[in-house]
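Note sheet for the following structure.
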Amino acid sequence: MPREGKEVGVTVAKAQGGDAAEPMVRVEKVSKRFDSVLAVAEVDFTLEKGAFLTILGPSGCGKTTLLRMIAGFIEPTAGEIWIHGRPVGDLPPYRRSIGMVFQKLALFPHMTAAQNIAYPLRMRGFPRDEIGERVARYLRLVRLEGLGERRIHELSGGQQQRVAIARALVFEPDLLLLDEPLAALDRKLRQEMQLEFRRIQRELGVTTINVTHDQREALVMSDRIMVMDAGRVQQMAVPETLYHRPENRFVAGFLGLTNFLPGVVAEVGAGRARIRIGERLVEGRMADPGIAAGTAVEAAVRAERLRIFDEEPGAGWETLEAEILEVVFEGERLVYSARAETFGDVVLRFVDADPLRHRTHRPGERVRLGWRSSDLMIFRADPDTTRTAGQPEREDNEP
Amino acid sequence: MKSCRADIGTGGRSDRSFGLRLLDLAESVRAGLFPARFSVWTPYLYLLPATLITGILAIGLAEMAETSLHVLNRATFRPDPAYTLANYAAVLSKPVYLRIMLKTGFAALLVTGFTLLLAFPYAYFLVRTPHARLRRFLLVALFLPFLLGQVIRAYGWLIVLGKQGLLNAALAAIGLGPVSLIYTYGGVVLGLVQYMLPFAVLLLAPALTAIPHEVELASHGLGATPWRTFRHIVLPLARPGLVAAGVVVFTLTVTDFAMPEIMGGGANDFIANAIYDAFFQLSDAGMGAALGIVLTLFASLIVALAFLLVGVATLGHGAQQDAGAGR
Ligand SMILES: Nc1ncnc2c1ncn2[C@@H]1O[C@H](COP(=O)(O)OP(=O)(O)OP(=O)(O)O)[C@@H](O)[C@H]1O
Ligand SMILES: [Mg+2]
C-alpha cells in the first residue's frame, strides 16, 4: 500500500505559504454559470483560521455549488479562491488540504467503518502502522470505539455521520467542508449531531464551512453565518447580529418568525423613520439605509417581540387592537395569529413563550398588542414580495 | 350489488345497469385475483405461473434424460429399448466431443471476458454522461443490432468479413493480403461478442446507476487517482452487475447455435451444433440427448460455481448499498 501512495505523490498545501496574518479561506468575486443559470454570483468573503462558518440559504441558492468550487470539484466561471494564502485555482481537490462530508455522506458501502476512515490515508501513502494508529484515534474522537469492523449498513444514521466526519478529518486537512450532512436525520438526532460536530470541530480547531438550509442549525453551530439567496451573499455576520440586525428583507424573513407590514415612509429621522401602515403612523428603525420619504417599505417585527398588554404600556411602546384568529399549540409555546384592522387588516403572528403562566386567548377575542418601536425594522419593499410577505417562514424547517 | 340486481328487470335503464353490472363483474374478478387481505399462501400463488412453465421444461428434461439412456440400433435405426450409459461413455471418451466441449467452454470464457471488457466502459459512459441526447444515442446504437436478430447479423458479418468482403477489400486497397476471419474460431468469438454486448450493457447499467456519483467524487477528493477510484470503489460496487452479466453471457454463449453454424462454417462447431447434428443428421436421438444433458449440467455447474465463488449475496448487495448510501 505505501508503494501505491508514491504513485500519487500527494503533497498538501498545509506546509507551504502558511502565514498567520493570512485568513484560512479567501473567496474573491467567485461566480459560477451553468448554461443559463447563474448559480453563484460574485461571492466575496474571508474566513479566519479555526472559525466555523455556516452558509445558509433556501434550496437551489447555490450553496453546494459554492462549496464544491472551494473543494475543487467545480471550476469557477470567474473569481479566485485562496486557501491558506495560496490560490488553489489549478489544484485538484486532494491537493487543497480539504476534508469534505457530502450531502449523502458518500461512504463506501463495501468497506467497514475502519476501512472507510483508512481510505484517505492509504491513498496518501501513509505507512501501515500510522494508518492503524490514526484510525483508532479518530474512531475514538467520533466515539465509535469498537464499531470499526462494522459494515456501513450495519451502522445507524448517526453512526454513519460519525464515520463520514472521521474520514474527512483523519488526514488532518486545513479545511473541513460539510454539505448538509445532517439534513436527512430526524430532528432529535440532528440536534445531537450538531453539538457533536461542533465538539469535534472545537477539539481539533479545524476551520469549517458548513452548508444548510436549516436556520436553527446555523444559529446553533456557527461562529459566523453567511445568508445566500439566488447565488448572492445577502449578509454575513455573527449569529446574534444576523438575527437581531438583518440588513435586508430577505434575511429578516429567512430567520425567525417575522411579520411583514407593507407601508409608506412618511418622515425620515436619524436612523429612524415614521411610516404609514393602514390608518396608523408608527415609528421604526431604518434597517436598510438611504430610504427617502414616500418610498414603499416593509416594516418587520419578530413574532416574539409582540406582546399582549392589559393596560396601555409606557413610552417607547406602540400598541394596536387586534382580533385573535388562531392559536397553535407547539409544546413550549403558543403561536397566535391576529388580524389588525387599523393596520389594513394585516395578519400578525406572535408567540406566548410561557403559556402555563398566561391565560390562553380564544379566537374571536380582542387583544391589545404592543411592541417597542426599536423592534420595528424598516426595509425597502422587495419587488418579489410573493416569497415571504404576510407568510412568515416557519421557525425551523422540519422535514 | 343488490341495487344493481334490482335494476335488471326495469329494462328502461338497462344501459346504465349493464354498465354497472360490468363494473361489478370486473370488481369481483379483481377481488378474486387480488384479495384485499393476503393469506400466508397468496404470495406463493403468484409464483405458480412461472413454476408451471419451468415445470414443463423439467418434464422435457426428464424425457430427454430417458432418451439419452438408449443407444441407436444401427440395424433398425430405432433406439434400442435396453437402458445403458453407452451414450455418456461415448460423449466423455470420443475425442471429437471432448474437443467440441473444450472449444465451446473456452470460447464462452473468451466471449465473457471480451464482452465485459467492452460493455463496462459503454455502460459506465451511458449511465454517467450528463447529456440526455448522447445517452439516447448510445441506447439506440446498442439496440439497433439487437433488433435485427442473430441470423441476419451473422450474415452481416459474412458480408463485411468474407473473402470478397469489405474488410478484405479495404486491406487489399492498402496492399495487405486477404485475411480469413470468416469460418474461423476467432470469427465466431467476434460475432458472439458483438451479439452479447447489449445484454451485458443492459445488465451492468442498473448496477452502475446504483453507485452514487458522490461516492466517486469522495474517493477522488480523498486522494485516489481515477484508476484507484475505479479499482477500489467502482469495480467492487459494480460486482453484482458484473456477476449477473458474466453468468448470462457465459450461459448464452455456451449454448449458442447460430453463430458457430454461420460464422464457423461447420469447422468450429459448439455443443449445440453437435446436438443438432446428432438429432437431425445422424438421427441418433440418444446421443443428442446425452450431449444435451451434459451441456445442461455443465452450464448449471458454471452458474453454481460463479455464485459460490462470489456469493449469491452479491445479488442482494444492491439493497444494502442503498440502505447505506441513503442515510
Ligand atoms: N451541474 C449543473 N448543471 C446545471 N445547473 C446546475 C448544476 N448544478 C447546480 N445547478 C443549478 O444551480 C443552482 C444552485 O444549485 P446548488 O446545488 O448549488 O443549490 P443548493 O443551494 O445546494 O440547493 P439544495 O439546498 O437543494 O442542496 C440551481 O438552480 C441548480 O439547478
Ligand atoms: Mg445542496
>> Using only Cα atoms and rounding to the nearest 10 degrees, what angle (0 to 90) does helix A:187-204 make with the longest principal axis of chain A?
In response: 60 degrees
>> Residues of the range B:191-225 that become at least 30 Å² less accessible with every protein chain present than in their own chain isolated, using 1.4 Å: which are they?
In response: B:214, B:215, B:217, B:218, B:220, B:221, B:222, B:223
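Once neighbouring chains are kept in place and the probe is 1.4 Å, which whole percent of the accessible area of the range B:144-217 is contributed by carbon and sulfur?
Working: 2830 of 3700 Å².
After summing per-atom areas, the C and S share lands at 76 percent.
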> Accessible area lost on pairing A with B, both sides, 1.4 Å probe, Å² to nearest 100?
Replying inline: 2500 Å²
> If you take the square roots of the eigenvalues of the alpha-carbon gyration tensor of the range B:51-202 and sort them as a ≥ b ≥ c, do you get rounded (a/c under 1.5), prolate (a/b over b/c) or oblate?
Replying inline: oblate
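First compute the accessible area of the range B:51-116 with a 1.4 Å probe, then give the percent of it belonging to carbon and sulfur atoms. List each step's numbers first, then the result.
Values: 3300 of 4360 Å².
About 76 percent, which is the carbon plus sulfur part of the accessible surface.
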>> I need the peptides A:174-183, B:75-84 ranked by packing, meaning the mean over residues of other C-beta atoms within 10 angstrom, with the highest value on top.
In response: A:174-183, B:75-84
> residue B:230 accessible area, nearest 10 Å², 1.4 Å probe?
Replying inline: 60 Å²
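Grab the DSSP H runs of chain B that are 4 residues or longer, score each as -39,500 (n - 2.57), total them, divide by all residues and round the 222 nm result to the nearest 500 deg cm²/dmol.
Theoretical 222 nm ellipticity from helices: -24000 deg cm²/dmol.
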> Using the alpha-carbon centroid of each, what span in Å lies between the range A:164-219 and the range B:223-269?
Replying inline: 43 Å
> What percent antiparallel are the DSSP beta bridges of chain A, to the nearest 5?
Replying inline: 75 percent
>> I'd like the accessible area for residue B:211, computed on protein heavy atoms only with a 1.4 Å probe and all protein chains in place. Round to 10 Å², please.
In response: 0 Å²
>> If you count only protein heavy atoms with a 1.4 Å probe, what accessible area per residue comes out for chain A, rounded to a whole Å²?
In response: 44 Å²
> In the protein assembly as shown, how many lysine pairs have Cα atoms under 27 Å apart, counting only pairs 8 or more places apart or on different chains?
Replying inline: 17
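For peptide A:110-120, compute the average count of partner chain beta-carbon atoms within 10 Å of each residue's beta-carbon.
On the way: counts 11, 3, 0, 0, 0, 1, 2, 0, 0, 8, 6.
Mean partner-chain Cβ count within 10 Å for A:110-120: 3.
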> How large is the helix-only mean residue ellipticity at 222 nm for chain A, computed as the sum of -39500 (n - 2.57) over DSSP H runs with n ≥ 4, divided by its residue count, in deg cm²/dmol to the nearest 500?
Replying inline: -6500 deg cm²/dmol
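Taking K and R as +1 and D and E as -1, what net charge do the other residues with C-beta under 14 Å from the C-beta of residue B:274 add up to?
Numbers: positive: B:94, B:99, B:103; negative: B:256, B:261, B:269, B:277, B:284.
Net charge in that neighbourhood comes out at -2.
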> What's the average, rounded to a whole number, of partner chain beta-carbon atoms within 10 Å of each residue's beta-carbon in B:236-244?
Replying inline: 1
>> Only bridges whose two residues both fall in the protein assembly as shown count here: according to DSSP, what percent of them are antiparallel, nearest 5?
In response: 75 percent
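Just add up the charged neighbours of residue A:244: K/R +1, D/E -1, any other residue whose Cβ is under 14 Å from the Cβ of residue A:244. Numbers along the way, then the final one.
Working: positive: A:245, A:285, A:302, A:305, A:372; negative: A:240, A:247, A:304, A:375.
Every neighbour counted, the sum reads +1.
Over the range A:254-380, with every protein chain in place, what whole percent of the accessible area is carbon and sulfur at 1.4 Å, could you tell me? Provide the component values of the computation, followed by the final result.
Values: 2980 of 6070 Å².
Carbon with sulfur: 49 percent of the solvent-accessible area.
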>> Give me the inter-chain shielding for A:90-97: mean count of other chain Cβ atoms within 10 Å, whole number please.
In response: 2
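The range A:254-380: percent of C-alpha pairs farther apart than 17 Å?
Numbers: 4471 of 8001 pairs.
That fraction is 56 percent.
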> Given A:320, A:30, A:234, which one lies farthest toward the positive end of the charge dipole of chain A, if we put +1 on the Cβ of every Lys and Arg and -1 on the Cβ of every Asp and Glu?
Replying inline: A:30
>> With every protein chain left in place and a probe of 1.4 Å, what is the accessible surface of residue B:182, to the nearest 10 Å²?
In response: 10 Å²
> Which of B:119, B:245, B:210 moves most in a GNM of chain B, Cα contacts under 10 Å?
Replying inline: B:210
>> Is the C-alpha gyration tensor of the range B:88-326 telling us rounded, prolate or oblate? Criteria: a/c under 1.5 is rounded; beyond that, a/b larger than b/c is prolate, otherwise oblate.
In response: oblate
> Can you give the Kirkwood hydrodynamic radius for the range A:10-244, in Å, rounded to one decimal and based on Cα pairs?
Replying inline: 18.1 Å
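Using a/c under 1.5 as the rounded threshold, could you call the range B:166-269 rounded, prolate or oblate? The axes a ≥ b ≥ c are square roots of the C-alpha gyration tensor eigenvalues, and prolate needs a/b larger than b/c, oblate otherwise. Present the calculation step by step, with values, prior to reporting the outcome.
Numbers: a/c = 3.98, a/b = 1.86, b/c = 2.14.
Here the range B:166-269 falls in the oblate category.
Within a Cβ distance under 11 Å of residue B:285, other residues only, what is the Lys/Arg minus Asp/Glu net charge?
Details: positive: B:78; negative: B:63, B:66, B:284.
Neighbourhood net charge equals -2.
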> Relative to the longest principal Cα axis of chain A, at what angle does helix A:157-169 sit, 0 to 90 degrees, rounded to 10?
Replying inline: 60 degrees
>> If a paramagnetic tag sat 7 Å from the Cα of residue A:374 along the Cα-Cβ line, which residues of the range A:349-363 would have the backbone N under 11 Å from that point?
In response: none
>> What Kirkwood Rh does the protein assembly as shown have if only Cα atoms enter the pairwise 1/r average? Answer in Å.
In response: 32.7 Å
>> Based on C-alpha coordinates, I'd like the Rg and Dmax of chain A, in Å.
In response: 24.9, 81
> Taking the Cα-to-Cβ direction at residue A:220 and at residue B:143 and moving 7 Å from each Cα, how far apart do the two end points lie in nm?
Replying inline: 4.9 nm
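Starting with the highest mean, order B:258-264, B:151-157 by the number of other Cβ atoms within 10 Å, averaged over the residues of each peptide.
Details: B:258-264: 23.9, B:151-157: 16.4.
Going from most to least packed, we get B:258-264, B:151-157.
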>> So the label point goes 7 Å from the Cα of residue A:360 along Cα→C-beta, right? Which residues of the range A:291-313 then have their backbone N under 19 Å from it?
In response: A:308
>> Report the Cα centroid-to-centroid distance between the range A:146-163 and the range A:26-105 in angstrom, as an integer.
In response: 29 Å
> Which of B:25, B:144, B:308 moves most in a GNM of chain B, Cα contacts under 10 Å?
Replying inline: B:25
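The values are calculated or read from the model by the stated rules, or taken from the named source; none is laboratory data. Bear in mind that the values here come from a model prediction, so they are computed numbers and not experimental data. Glycine gets a Cβ as well: all are built from the backbone with ideal geometry, and neighbour counts include every protein chain shown. These accessible areas exclude ligands, DNA and RNA; they are computed on the full protein's heavy atoms, side chains included. Shrake-Rupley method; radii C 1.70, N 1.55, O 1.52, S 1.80 Å.
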